Amino acid sequence: MSEETAKIPKPQMRGLLHAQIKRNLILTGITCTIAGLYMKFIFGDGRKRAYAEFYKNYDINKEFHRIRRKGLFDSCDPYDEADDEEDNNNN
């Protein structure tokens, strides 16, 4: 009967903390690498494409005049003769 019973393996008493720290550092490195790649390829590249698409059709002068007419700029008048001349030249 004693021959048939299996012996329980001895617990690891020495180097347990070292082994756990080593395993945790490896897992942390793998997790950080995966998160970095996710941010680069999934999030970052999609954002770059969205910005590129926005600036293809963006007209800075048109936006400037739109904001100026609303009176949001403190450094220039909301509407003056220069706008009249510019509008007449475009028509």
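Arg23 - would you say it is surrounded by 10 or more Cβ atoms within 10 Å (Cβ to Cβ) and touching a Pro at 6+ places or on another chain (Cβ under 7 Å)? For Arg23, the condition - surrounded by 10 or more Cβ atoms within 10 Å (Cβ to Cβ) and touching a Pro at 6+ places or on another chain (Cβ under 7 Å) - is not met. You will find that of Lys56, Lys62, Lys22, Lys48, the residue that is over 17 Å from the mean Cα position of the chain (by Cα), over 30 Å from Pro78 (Cβ atoms), among the basic types (Lys, Arg) and at pLDDT 90 or above is Lys22 and no other.
The values are calculated or read from the model by the stated rules, or taken from the named source; none is laboratory data. Just so we're clear, the structure is a prediction, and the values are computed from it rather than from any experiment. Note that we place each Cβ from the backbone using ideal geometry, even for glycine, and neighbour counts take in every protein chain shown.
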